[in-house]
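Working notes for the structure below.
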Amino acid sequence: MTELLTDLDALAAKVRDGAKIALPPDYSGCANALWRAVIRRGVKDLHLIGVPVFGYHGDLLIGAGCVAVAETSAVTLGEHGLAPRFTAAVKAGSITVKDATCPAIHAGLQAAERGAPFSVMRGLIGSDILARRDDWKVIDNPFAENDPVVAIPALTPDLAVFHAAKADRHGNVWIGVRRELMVMAHAARDTLVTVEEIVDGDLMADPATKAGTIPGLYVTAMVEAKRGSWPQGLPATDLAVDQAHLARYAEMARTEEGFAAYLAEFVVGREAAE
Amino acid sequence: MSATLSSQSDVRLEEILIHTIAGMLDGLRHVAVGASSPVPGAAALLARARSGERTRVSVLGSEDHNFFTDGGKELFDCAGQGRIDAFFLSGAQIDGNANINLVSIGDPDLPKARFPGSFGSGYLYYVVPRVILFRLEHTKRTLVEQVDFISAPGFSEPNVYRPGGPFAMITDRCLFDVDKERRRFVLKSVHPGETVESIAENTGFDYDVPAEVPTTPLPDAETLALMRGRIAGEIAEIYPGFAKRVFGLEKAA
């Protein structure tokens, strides 16, 4: 049964030190209110997996000292430029980066969701991405002659964590077309979700909503968090990206002092509001 | 980049680039656009508008101009099947063998500079037939003899599955063709204000120069009107900052 929590901090308490966590990209559904609560708890040594990239939320966690490993195809603030705390941490050698390419992340998660040991994919051969990943192997296509392919082992996150528009009391979570969230939930051992709204009724009763719904089977725990993706937007809702805030973040996070001031104002300082 | 080409007209450099790229997309079935790609995105939307909507366009990060329904993986699966004809890649560095570097300068473990990462390049460069490289800072710092990190190689060994690869490269100074047999860039045209010599002075790798190198054509009035009207509005959904800077457009609420 999905645990229906009433307190964001109770959900944040399920994010343990060292957890391997699948994160959606900025344009999907980012659980930013939850990440602020996690930072206030002082979690350490997270292994972030960008599915297939991450942005603001991962940069925030890195800056706050919560992250040991970033496994991702990219980290970016989009139009607001390089992710400043990620960039600083890599240059300082304070986090380990496992560089990937987008479909390799998807391939690893897809192997995990089907319980298979690995997926194979084209591409990658001759790249330094592959050269630096000793966990990936070039193998011969057993069905052809002289046809090397790349084997990507199953990528099983401890947690998939995201924000969605709505869920019902059975733990079914509606994600619409953002189906990378579905793959994340299938692949991960546990899934933690914040939602704009917990609705009455059953999202599985109507095929129109059922098609875009993650069954409660996969959802470990969730809590309602209004505007929980802020400053990111949320697809299929009227929550738009707060571009002015992201520009301010990009500016403040350029220095360690500026980032500390940002945390004080927008993470620690928001505790009462969240 | 932000100034208009005052000696020519009120046409902006970005508009020349968008027009030039769109010319390489006309008639294609399906063009996809990835992250951090406002100029290619506008070009793809322009090609679609001119095709009478026959060209499909998928823009990453867009809700209005993206028909995928199977999550982040679908773009790659679609490309792997050969259903995407053109895509765009850039690089912090690009070298004369069309290798691209989206990761770092210096030792990747302790880099002098770190960039966002390789995105889908380690796959899409191999499988999309018409990959158009774009680099809007054409200097010896960016167009180098050899990249520091290969996010994706320009060319592959004969036994590597490689239906895709570089088709052309556009910069803020010029357009290069790609000679796939000889694995070299060939100067195709120089943008207004540039010369064959100025390109040579600012390029860090060897390339071929034909006897005649024309100036990159400007978009006509009709194309400009389409770009500044409909296309500006469409690209503003994904790149509001770009739409404001180039087309003076505020995103509609």
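Each reported figure results from applying straightforward, stated rules to the coordinates on display, with no laboratory input. A quick note: this is a predicted structure, and the numbers were derived from the prediction, not measured. Positions of Cβ are backbone-derived with ideal geometry, glycine not excepted, and every protein chain shown enters the neighbour counts.
The convex hull of the Cα atoms of segment A:140-200, projected and averaged over all directions, covers 5.9 nm². Relative intensity of segment A:1-150 on a log10 scale, I(q)/I(0) at q = 0.12 Å⁻¹, equals -0.58, per a Debye sum over C-alpha point scatterers of equal strength in the absence of solvent. Here's how it looks for A:D26: its modeled amide H is under 5 Å from those of A:G55, which are all 5 or more places away or on a different chain. Computed from backbone phi with θ = phi - 60° and the Karplus coefficients 6.51, -1.76 and 1.60, the 3J(HN,Hα) list for segment A:264-274 is 4, 7, 10, 10, 5, x, 9, 3, 4, 6, 10 Hz; x is used for glycine and proline.
Between amide H atoms placed 1.01 Å from N, distances below 5 Å from B:A113 occur with B:I105, all of them 5 or more places distant or on a separate chain. In order along segment A:87-101, the phi-based Karplus estimate (6.51 cos²θ - 1.76 cosθ + 1.60, θ = phi - 60°) of 3J(HN,Hα) comes to 4, 5, 5, 5, 5, 7, x, 8, 10, 9, 10, 9, 5, 9, 10 Hz; Gly and Pro are listed as x.
Could you give the longest part of chain B that holds none of the GluC sites (Glu not before Pro) found in DSSP loops with at most 14 neighbouring Cβ atoms within 10 Å? That gives B:64-136 as the longest site-free run.
Calculated over segment A:103-164, the projected area of the Cα convex hull averaged across directions stands at 5.5 nm².
Dividing the Cα radius of gyration of segment A:218-267 by its Kirkwood radius returns 1.10 for Rg/Rh. Overall dimensions of segment A:36-93, expressed as equivalent-ellipsoid semi-axes from the Cα gyration tensor (√(5λ), whole Å, largest first), are 17, 12, 12. Its alpha carbons give chain B an Rg and a Dmax of 17.6, 52 Å. What residue among A:G212, A:G233, A:G201 shows peak mean-square fluctuation when chain A is described by a Gaussian network model with Cα springs under 10 Å? Checking each option, the largest mean-square fluctuation is seen for A:G201. Considering only beta bridges that DSSP places wholly inside chain A, some 30 percent are antiparallel.
If you run the Gaussian network model on chain B, springs between alpha carbon atoms under 10 Å, then out of B:K188, B:K140, B:K73 the most flexible one is B:K73.
Structure note, pairs B:K112/B:K180; A:K44/A:K226; A:K14/A:K98; B:K112/B:K140: Cα-Cα distances above 23 angstrom occur for B:K112/B:K180; A:K44/A:K226; A:K14/A:K98.
Over all other residues within a Cβ to Cβ distance under 11 Å of A:L5, the charged ones net out to -3, with Lys and Arg as +1 and Asp and Glu as -1. Bridging of A:K137 to aspartates and glutamates at a Cα separation below 16 Å is possible for A:D99, A:D128, A:D147, once same-chain residues fewer than 8 apart are set aside.
Around the amide H of A:K20, modelled in the peptide plane, lie the amide H atoms of A:H47, A:D158, A:L159, all under 5 Å away and 5 or more residues distant in sequence or on another chain. For segment B:176-253 and segment A:129-168, what is the separation of their C-alpha centers, rounded to whole Å? Result: 36 Å between the Cα centres.
With θ taken as phi - 60° and the Karplus curve 6.51 cos²θ - 1.76 cosθ + 1.60 applied, the whole-hertz 3J(HN,Hα) list for segment A:11-28 is 6, 4, 5, 7, 8, 9, 3, x, 5, 9, 10, 7, 10, x, x, 4, 8, 9 Hz, x standing for glycine and proline. Kindly identify the protein assembly as shown as rounded, prolate or oblate by the Cα gyration tensor criterion: order the square roots of the eigenvalues as a ≥ b ≥ c, call it rounded if a/c is under 1.5, otherwise compare a/b with b/c, prolate if a/b is larger, else oblate. Here the protein assembly as shown falls in the prolate category. Remark: C-alpha extents of chain A on the principal axes read 62, 51, 31 Å, sorted largest to smallest.
Using equal-weight Cα scatterers in the Debye expression, the normalised intensity of segment A:78-124 in log10 at q = 0.21 Å⁻¹ is -0.81.
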